[in-house]
Structure formats: C-alpha cells, structure tokens
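Take a look at the structure set out below.
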Amino acid sequence: MPQPSPCFDVAVVGPGPVGAAAALAMAQKGFRVALIGPSSARRDGRTVALMDGSWRLLAGFGVTKRLEDEAAPLATMRLVDDTGSLFRRPPTEFKAHEIGLDQFGWNVETATLSAALLDAVAGEPAIARLESSVSGMHADEDMAHLDLADGTALGAKLVAGADGRRSVVRAAMGIGGKEWQYPQAALTTIIRHSRAHRDVSTEFHTRSGPCTTVPLLGRRSSIVWMVTPEEGERLIGLDDGALGLAIEQRTHSILGAVSIDGPRGLVPMGGLSVERFSAQRTALIGEAAHVFPPIGAQGLNLGLRDVAALVEAADARDPGAAGGLAAYERSRASDVRTRTGAVDALNRSLLSDLLPVDFARGLGLLALDSIAPLRRFVMRQGLTPSGR
C-alpha cells in the first residue's frame, strides 16, 4: 500500500536566511515545520547589515550568539553625493545615538549568517529539513500540496514561499509580478584598509549608482559597488592589487590604502514587485515577494520583517487560514511597496543627469540634514516596519 504523505503545519520553501528564519519563528510558535530546498550558501563577498529589529528577531532564536564574534556594529551611516551635480550637498551623517541606540545594527557575511541559521534549524526538533527542490504545488481549501523532485509528496496548512525572484511557489499559485532590469551590476568583495572605519558605513552616490563601504571587524569592510555591467566585468577581471587601487580611488581614500581580503562577486541589478503577497494557503516572503537594489540596507531586513508579520498573523489553530493571510497581505502591502518605490526612485535619480532630478535629490538631502524630526523619523523607519 502507498505510504500516506506527511503533513505539516507550515512548509517553508527556500533555505536561505529569510526561509530559515521563517522556519525557526514558526517552530518557536509551536508549529510543525518543513524547511525545503537544497543548501547553496557560498562566499562571494556579500555581507548583510542586520538592522536593530532584525538583530532582535534573530536573537530570539539564539542565532546572534553565533554571530557576535564575526559581526561589526554600524554606529553611523554617511551619505556622500559624488555625482558631480550642481546641487550636490555636503555629506549627510545619521548617528544611532540620535534615536537612542548604540548602533543601527550589525554587519556580517551573508554566508556566515546562512550557516548560523541552518545550524539553529538543525538543532530544532520541530523542523524537518528536506534537501530536495519543489517540482509542483497546488492548494485547496484545507491544505497545500507539494511535490518534490525526489518523489516526496507532502501537505501543509501554510506554505511560505521564500524561494527567491524565480519563485516556483509564486508561479504555481498564479501570483503575477512586474520585473525590471537596471543598467547596473553590483561588484561585491571584502577589503582590508589602513585606516579605522570607526563603525561608519559610507554610501557614495555616483552616476552609476551607490558605492558603499560597510564595516566588518578590525580594519576590514565589505564593498558593494554598482557600476555598468561592462565596467563590472572589467573590474572583476582585475588582479587584487589593481582592484584594491580602483576601490581606494572610488572611495576617495577615506579608508586609506586598500587591499582585497575576500572573494568577489558580480550581481546583475533588477527589481521585482508582485501583485499580491498571498494566495490560498500561501504567503510570499523575502525575494519571492520583492527585489530592489542594495541601497539603504533594506533588502534582507525587509524579508525578515515579512517573517515577523507572517508569524504574527498566523492563527495558532490554522496558520494558513484565510483571515490570517488577509492580515498578512494588509501588513505587507504598504511597507513593501513604499520601500520598493523609494529605493527605485533614488536609484533611477542617480542614473539621471537631468537638472530637475538633481535638484530634487539635493533638496531631499538638505531636508534630512536640516530637519531633526525628519531625520529621526527616517532613521526609525529604516529599522522598523511602516506603521508599526
């Protein structure tokens, strides 16, 4: 006789940082969870700035204890207009102590974060780790049904799609989305430098997009440098000495002499906005629900806010009930769309050389620099969900 398919309260598809965090949060709420998908974490020079709210969420799983020896604090965030605009402003700095914090958050290698989360998953008895990928899915009123590539079939009251911008879950549930590409690629790597960063992250706004230095422990920082795809291919082909010099020149030597101290990657830039964040027995989280350029440390933090909102909305008796999913939809619509629109507008403004656009961007930076209540509001909004 055929074996009955296993049934879970929640199936999380995608074992990246957002998916692993969702699995841990759902297990912590008392649900039986399956975390589905092959692990693929690799070091490519990418780091993530975990803002205060995200750090506190991860602390609830005990994950931050695993990161403390490798994460660096972010006490100041500096914006530098390096576009050559007639309306460019002097550098604008946001300091964590202005809103009563010692730091905005902590910066850590993405691969290190992924490994720490998956270690926590392995130690959680309420989570079944399934390494196969999802090949098909459908849902009815009572249950979502998943077919895995290894022949396994399973059911879940709720499926959380955390399987990225090419989400199988989103496609299976017929959730439409709008995708777009930017004429940019992000070069990522880790550098060592001769001057102390003093826990300051600096975002240079250039005509090809931001070039951002983010502190790591010691005299090390991560780099996210947005350039044209052609320039990205040229830069990634340089030897370590030439690339270090190019980064030093691009960042105006604020960190002194630069040498390459880690792997490097080149990521094409694009965006994604979905029509809705949920469907029958299904919710989208992380990059299955939203994608935008790495500006203002919003990407992964927004995905972790998805996790917090989904766990809060999930009914303890039926996590995939229509009422809970409707509450999740309402909670994410404004937050995600507002942030996606703001990051997209800022990125496009940097790529434009129109004087009215330059004037508007300069006026915005002037307002942030001059109006203290507005500064504090913007800083808090960078740490917590809109309206919460």
Residue 158 versus (1) assigned to a strand (DSSP E or B); (2) out of contact with any Lys or Arg (no Cβ under 7 Å at 6 or more places or on another chain): which is the lone unmet condition?
(2)
Which ranges mark the strands (runs of 3 or more DSSP E) fully within segment 1-65 that have 3 or more residues being closer than 22 Å to residue 124 by Cα and of a type in the set (Val, Ile, Thr)?
7-13
Unmet requirement for residue 201, which otherwise passes all of (1) exposed (fewer than 13 other Cβ atoms within 10 Å of the Cβ); (2) among the small types (Gly, Ala, Ser); (3) closer than 21 Å to residue 292 by Cβ:
(1)
Residue under evaluation residue 272, criteria (1) within 14 Å of the chain's Cα centre (by Cα); (2) assigned to a helix (DSSP H, G or I); (3) of a type outside the set (Phe, Trp, Tyr), criterion not met
(2)
Could you say which residue among 265, 256 is under 20 Å from residue 293 (Cα atoms), in contact (Cβ under 8 Å) with a residue 60 or more places away in the chain and surrounded by fewer than 19 Cβ atoms within 10 Å (Cβ to Cβ)?
265
Is one or more of the residues making up segment 289-297 assigned to a helix (DSSP H, G or I), surrounded by fewer than 24 Cβ atoms within 10 Å (Cβ to Cβ) and aliphatic (A, V, I, L, M)?
no
Contact list please: Cβ distance under 6 Å, first residue in segment 313-332 and at pLDDT 95 or above and part of a helix (DSSP H, G or I), second residue surrounded by 17 or more Cβ atoms within 10 Å (Cβ to Cβ) and among the hydroxyl-bearing types (Ser, Thr, Tyr), pairs at least six apart or on different chains.
313/328; 325/278; 328/278; 329/278
Per the list (1) surrounded by fewer than 17 Cβ atoms within 10 Å (Cβ to Cβ); (2) polar (S, T, N, Q); (3) touching a Ser or Thr at 6+ places or on another chain (Cβ under 6 Å), residue check on residue 107 breaks on (1)
Right, residue 229: of a type outside the set (Gly, Ala, Ser) and surrounded by fewer than 17 Cβ atoms within 10 Å (Cβ to Cβ) or not?
yes
Residue among 136, 151 that alone is surrounded by fewer than 20 Cβ atoms within 10 Å (Cβ to Cβ), over 30 Å from residue 340 (Cα atoms), free of Cβ contacts under 8 Å to residues at least 60 places away in the same chain and over 21 Å from the mean Cα position of the chain (by Cα):
151
Residues within segment 110-133 that are in contact with a helix residue (DSSP H, G or I) (Cβ under 9 Å, 6 or more places away or on another chain) and in contact (Cβ under 8 Å) with a residue 60 or more places away in the chain, tallied
13
Of all residues being charged (D, E, K, R) and modelled with pLDDT under 85 in segment 70-92, which is surrounded by the fewest Cβ atoms within 10 Å (Cβ to Cβ)? Just the residue, please.
88
Residue check: is residue 219 among the charged types (D, E, K, R), in contact with a Leu (Cβ under 9 Å, 6 or more places away or on another chain) and on the phi > 0 side of the Ramachandran plot?
no
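The values are calculated or read from the model by the stated rules, or taken from the named source; none is laboratory data. Please read these numbers as outputs of a predicted model, since none were measured by experiment. Virtual Cβ from ideal backbone geometry, glycine too; neighbours counted across all protein chains shown.
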